[in-house]
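Bear in mind these aren't lab numbers, they're just calculated from the coordinates by the rules spelled out. In this text the structure is predicted, and so the values were computed from the model without any measurement. Backbone-built Cβ (ideal geometry, glycine too); neighbour counts: all protein chains shown.
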Amino acid sequence: MAKKKFYVVWNGRRKGVFSSWAVCKKQIDGFENAQYKSFANLDEAEIASKGKYEDYKGKNTKKPTLSIAEKEKYGAPILKSISVDAACAGNPGKMEYRGVFTHNKQEIFRKGPFKKGTNNIGEFLALVHGIALLKSKKKEDIPIYSDSKIAMSWIRQKKCKTKLSFNNENKELLELIKRAENWLKENTFKNPILKWETKAWGEIPADFGRK
């Protein structure tokens, strides 16, 4: 039996939360610039309906559940570590990032908000900030968790490969990106950069809780 979904329509013939795809479809079919998305439960849908479509566009709102056996395949996260994450209201939009201790979610650093940023840029900067911080404290054995494969790949390439356009509004962010790239090119680090397995462990501890 298929799990029930709820549908939010931000821009359509009628706006709101709908409990069936058939009803949702009537609101958006043939409607120019329709904005809608499905959610796994009613609470999430109602919260989303009060926000902006841009905050949810492209995000996975289907929360897969794993069996005990499947979760065991992932093991458990290393608690003696730090976790980083970013949040962005829109794409581009106001962006901020932070790092926390994984075991207790105590915040270590937070930067932003920056104008006209993206979530991927924030994830990248958060990783560089965490790496540089641990290196400065001679804690190069401490792992860093991220839930962004894109940001992790940019770290390996030592390049923030964003396609975002920059202007006077977000020039501060561009300068920060260049500093981060230069740091990666001029320094080495030993900290393991690990993928946070959201499916098995839930949201990363550094999550801003705005999904």
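Rounded to the nearest 0.05, what FRET efficiency do LYS137 and TRP201 have when you use their Cβ-Cβ distance and R0 = 25 Å? Efficiency at R0 = 25 Å is approximately 0.45. Computed from backbone phi with θ = phi - 60° and the Karplus coefficients 6.51, -1.76 and 1.60, the 3J(HN,Hα) list for the range 195-207 is 7, 7, 8, 4, 4, 9, 10, x, 4, 4, x, 7, 4 Hz; x is used for glycine and proline. Of the cross-linked pairs LYS15/LYS116; LYS15/LYS57; LYS159/LYS199; LYS115/LYS158; LYS115/LYS199; LYS4/LYS25, those separated by over 20 Å at the C-alpha level are LYS15/LYS116; LYS159/LYS199; LYS115/LYS158; LYS115/LYS199.
Across the range 132-142, coupling constants 3J(HN,Hα) worked out from phi with the 6.51/-1.76/1.60 Karplus curve, θ = phi - 60°, read 5, 5, 5, 5, 5, 9, 6, 10, 7, 9, 7 Hz, and Gly and Pro carry x.
If you place +1 on the Cβ of every Lys and Arg and -1 on the Cβ of every Asp and Glu, how big does the dipole about the Cα centre of the range 106-147 come out, in debye to the nearest 20? Walk me through the numbers before you get to the answer.
Values: 8 positive and 5 negative charges, 59 e Å.
That gives the range 106-147 a dipole magnitude of about 280 debye.
In this calculation the C-beta distance from ASP43 to LYS185 is compared with R0 = 41 Å, giving a FRET efficiency of 0.35.
Order the peptides 92-100, 7-15 from the highest to the lowest mean number of other Cβ atoms within 10 Å of their residues.
Descending packing order for the listed peptides: 92-100, 7-15.
What you get for the chain, charging only the Cβ of Lys and Arg (+1) and of Asp and Glu (-1), is a dipole of about 280 debye around the Cα centre.
When only Cα pairs under 8 Å and 6 or more residues apart are kept, what is the percent relative contact order across the chain?
19 percent
Over the range 111-161, Cα pairs under 8 Å with separation of 6+ residues give a relative contact order of 43 percent.
Please check: in the Gaussian network model of the chain (C-alpha springs, under 10 Å), which one of LEU164, LEU184, LEU194 has the largest mean-square fluctuation. Result: LEU164 has the largest fluctuation of those listed.
Treating the angle as unsigned and between 0 and 90°, give the value, to the nearest 10°, between the Cα long axis of helix 171-186 and the longest Cα principal axis of the chain. Relative to the chain, helix 171-186 is tipped by roughly 50 degrees.
Sorted on the mean count of surrounding Cβ atoms within 10 Å across their residues, most packed first, peptides 16-22, 128-134 read 128-134, 16-22.
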